[in-house]
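The structure under discussion appears below in the form of structure tokens.
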Amino acid sequence: MENAKLTLNGQEYEFPVIVGSESEIGIDFTSLRAKTKAIAFDPGYGNTGSCESAITYIDGEQGILRYRGYPIEQIAALASFTEVCYLLIYGHLPQHDQLREFERQITHHTLIHEDMKKALDAYPSTAHPMAILAAMVISLSGYYHEADDADTINLNIIRLLAKMPTIAAFSYKHSMGHPYIYPRNDLSYTANFLNMMFNLPTMDYHVPDVLERALNLLLILHADHEQNCSTSTVRMVGSSRAGLFASIGSGVCALWGPLHGGANQEVIEMLEMIRDDGGNYRKYVDMAKDKNSDFRLMGFGHRVYRNFDPRARILKTSADEVLDALGVDDPLLDIAKNLEAVALEDPYFVERKLYPNVDFYSGIIYRAMGIPTNMFTVMFAIGRLPGWIAQWKEMRQDKHTRIARPRQIYTGEQERPFVPIFQR
Ligand code: CMC
């Protein structure tokens, strides 16, 4: 493809064009400042490609999402979460023995160091589990040696995949004042997590299949989403050569925000507010449109999807199935469907291409599964972990990676003399 041409102050400059494997086009502006003294101004990075990546492909106009080339609909219907972890991190689908070995390794690293429990115990029971999760993930670097060789990195990847559900479930048990339930090696990744969440020493709890299947689906749908806010954070922190645990811990923090992973908690709180306010969802649609109000329809809109979010479509169907199978009749699901129907017809939402995103229905499923609302974003983090890891690994192996260091347009005062305090 021909070079792109830019005219600035009457002078023409040429920049190479990069074409991705799905014919995506990028203009390589790495030499922009050196050639022109200008920078590319793009707040929120809506048009900025920060890397080349072979992990996840999204076409926001068509509602396409693929992990390593495989359509999300097929993966969601046919894969297990650990298989997806392997695919994202190692780049190909595992053979039977590879998957067995991968799962065996994860299973044998699920315990956290007993000393870590003391740190966890020190948190107030009211602490948000995302605060505990972020702190504990970064703390792993204090317990497990980090180095740049492939074997150590791989061992720490396994450790992280194995220990994150344990930390998450322990943070829940801590908030309840219940004893920790230790991981069990005879259970699958998802069943083990649910057992640590819901079992008690006084109970004979068996994880229902329907919960295990629902969790498998939810985790798969969250597993990666290319250069979103938390993943870009992981890459950005990692670009300074910070270790895996510190980089992923930073990703957990970025995910927490209500415009990102924190939206799933906000959706349920919004639906509860509508229910408690008599179920008048039209009022809330109007509020979301009102520019004098800060209110947004949580679970609506997406930077990349401009038609539909394929994950939300899968989850809408799954919400009906899971609630049916569990015998749960949740009025919030009806409110959500009504809200969606009204918003999808409303010119405000249509013109701005605002559709339900992955967070819109996921919370309803988590709620039906008995997961408390403040754990929803933690669930997102467990799902997104393999994506963060894969992206961190890819970034570290990419010879072109430079420390992430955006520029700015300075709008402050020009140079002026400093006035000593006794003269002011
Ligand atoms: N409700 C009402 N108006 C909205 C909404 C919403 N949920 N989302 C966007 N808009 C409006 C916004 O006010 C703006 O209007 P105008 O052009 O008149 O100023 C226009 O739509 C474009 O919005 P934006 O904020 O420029 O879009 P963005 O790409 O920067 O933000 C978003 C994307 C997801 C942060 C945003 O749509 C939003 O805040 N949604 C609600 C929070 C949410 O559900 N987040 C989860 C995202 S999916 C999971 C994940 O990846 O984290």
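Note down all Cβ pairs under 6 Å where the first residue falls in the range 279-292 and is more than 12 Å from Glu340 (Cα to Cα), the second is within 14 Å of the ligand (Cβ to nearest atom), and they're at least six residues apart or on different chains. Listed pairs, sorted by first residue: Met287/Ser293; Met287/Phe295; Ala288/Phe295; Ala288/Arg296; Ala288/Leu297; Lys289/Tyr348. All conditions but one from (1) closer than 17 Å to Trp388 by Cα; (2) in contact (Cβ under 8 Å) with a residue 12 or more places away in the chain; (3) buried (at least 17 other Cβ atoms within 10 Å of the Cβ) apply to Arg66; the one that does not is (2). Restricting attention to the range 288-313, the residues being within 17 Å of Pro258 (Cα to Cα) and of a type in the set (D, E, K, R) number 3.
Would you check which residues across the range 301-334 are open to solvent by 30 Å² or more (accessible area, probe 1.4 Å), within 9 Å of the ligand (Cβ to nearest atom) and not in a loop (DSSP other than H, G, I, E, B) and list them?
none
Can Leu344 be described as farther than 21 Å from Leu218 by Cα and hydrophobic (A, V, I, L, M, F, W, C)? Walk me through how you get there before you give the answer.
Details: farther than 21 Å from Leu218 by Cα: yes; hydrophobic (A, V, I, L, M, F, W, C): yes.
When the stated conditions are applied, Leu344 passes them.
So for the range 77-90 (the condition being open to solvent by 70 Å² or more (accessible area, probe 1.4 Å) and assigned to a strand (DSSP E or B)), does at least one residue qualify? Step through it out loud before you land on a result.
Pass one, the range 77-90, residues open to solvent by 70 Å² or more (accessible area, probe 1.4 Å): 77-78.
Subsequent filtering for residues that are assigned to a strand (DSSP E or B) retains none.
No, the range 77-90 contains no residue that is open to solvent by 70 Å² or more (accessible area, probe 1.4 Å) and assigned to a strand (DSSP E or B).
Note on the range 240-265: residues that are more than 24 Å from Val304 (Cα to Cα) and open to solvent by 10 Å² or more (accessible area, probe 1.4 Å) amount to 5.
Output the helices (runs of 4 or more DSSP H) that fall wholly within the range 174-261 and possess 3 or more residues being farther than 22 Å from Ser80 by Cβ and touching a Ser or Thr at 6+ places or on another chain (Cβ under 9 Å), or say none.
229-239, 244-256
With respect to (1) assigned to a helix (DSSP H, G or I); (2) under 11 Å from Phe360 (Cα atoms), the lone exception for Leu297 is condition (1). Residues in the range 10-39 that are exposed (fewer than 13 other Cβ atoms within 10 Å of the Cβ), assigned to a loop (DSSP other than H, G, I, E, B) and not hydroxyl-bearing (Ser, Thr, Tyr): Gly10, Glu22, Glu24, Lys37. The set of residues from the range 189-225 being open to solvent by less than 20 Å² (accessible area, probe 1.4 Å) and among the charged types (D, E, K, R) comprises just one member, Asp224. Filtering the range 92-135 to residues that are surrounded by 18 or more Cβ atoms within 10 Å (Cβ to Cβ), farther than 18 Å from Ser188 by Cα and touching a Phe, Trp or Tyr at 6+ places or on another chain (Cβ under 7 Å) leaves Met116, Leu120, Pro129, Met130, Ile132.
Kindly provide the set of residues from the range 208-252 that are among the basic types (Lys, Arg) and more than 20 Å from Ile365 (Cβ to Cβ), ordered by number.
Here is the first cut: in the range 208-252, the ones among the basic types (Lys, Arg) are 213, 235, 241.
Within the range 208-252, Arg235, Arg241 meet the criteria.
Of all residues in the range 178-230, those being touching a residue at least 60 places away in the same chain (Cβ under 8 Å), touching a Leu at 6+ places or on another chain (Cβ under 7 Å) and polar (S, T, N, Q) number 2. In the set (1) assigned to a loop (DSSP other than H, G, I, E, B); (2) under 24 Å from Val378 (Cβ atoms), Lys353 fails one condition alone, (2). Of the residues examined, Tyr45 is one that is in contact (Cβ under 8 Å) with a residue 40 or more places away in the chain, open to solvent by 40 Å² or more (accessible area, probe 1.4 Å), within 16 Å of the ligand (Cβ to nearest atom) and hydroxyl-bearing (Ser, Thr, Tyr). Across the range 266-298, the number of residues qualifying as open to solvent by less than 30 Å² (accessible area, probe 1.4 Å), within 18 Å of Pro372 (Cβ to Cβ) and more than 9 Å from the ligand (Cβ to nearest atom) comes to 3.
Does Gly279 satisfy the criteria of being more than 19 Å from Arg352 (Cβ to Cβ) and in a loop (DSSP other than H, G, I, E, B)?
Yes; evaluated as a whole, the condition is true for this residue.
Specify the residue that is farthest from the ligand (Cβ to nearest atom); the eligible residues are those in the range 348-368 that are closer than 13 Å to Gln265 by Cα and not aromatic (Phe, Trp, Tyr). I'd like the intermediate steps shown before the answer.
Narrowing the range 348-368 to residues closer than 13 Å to Gln265 by Cα: 358-367.
Checking the rest, the ones that are also not aromatic (Phe, Trp, Tyr) come to 358-359, 362-365, 367.
On the way: Val358: 5, Asp359: 5, Ser362: 9, Gly363: 11, Ile364: 14, Ile365: 15, Arg367: 17 Å.
It comes out as Arg367.
Applying the set (1) farther than 30 Å from Ile138 by Cβ; (2) outside the structural domain of Lys283 (by TED's automatic domain parsing) to Lys393 leaves exactly one unmet item: (1). Give me the residue from the range 375-424 that is small (Gly, Ala, Ser) and touching a residue at least 40 places away in the same chain (Cβ under 8 Å) and, out of that set, surrounded by the fewest Cβ atoms within 10 Å (Cβ to Cβ). Looking at the filtered set, the residue picked out is Ala404. Only one of the numbered conditions (1) outside any loop (DSSP other than H, G, I, E, B); (2) touching a residue at least 60 places away in the same chain (Cβ under 8 Å); (3) out of contact with any Leu (no Cβ under 9 Å at 6 or more places or on another chain); (4) outside the structural domain of Trp388 (by TED's automatic domain parsing) is not met by Glu52, and that is (1).
The values are calculated or read from the model by the stated rules, or taken from the named source; none is laboratory data. As the structure is a prediction and not an experimental result, all values here were calculated from the model. Don't worry about glycine lacking a Cβ; one is built from the backbone with ideal geometry, like all the others, and counts go over all protein chains shown. These accessible areas exclude ligands, DNA and RNA; they are computed on the full protein's heavy atoms, side chains included. Shrake-Rupley method; radii C 1.70, N 1.55, O 1.52, S 1.80 Å.
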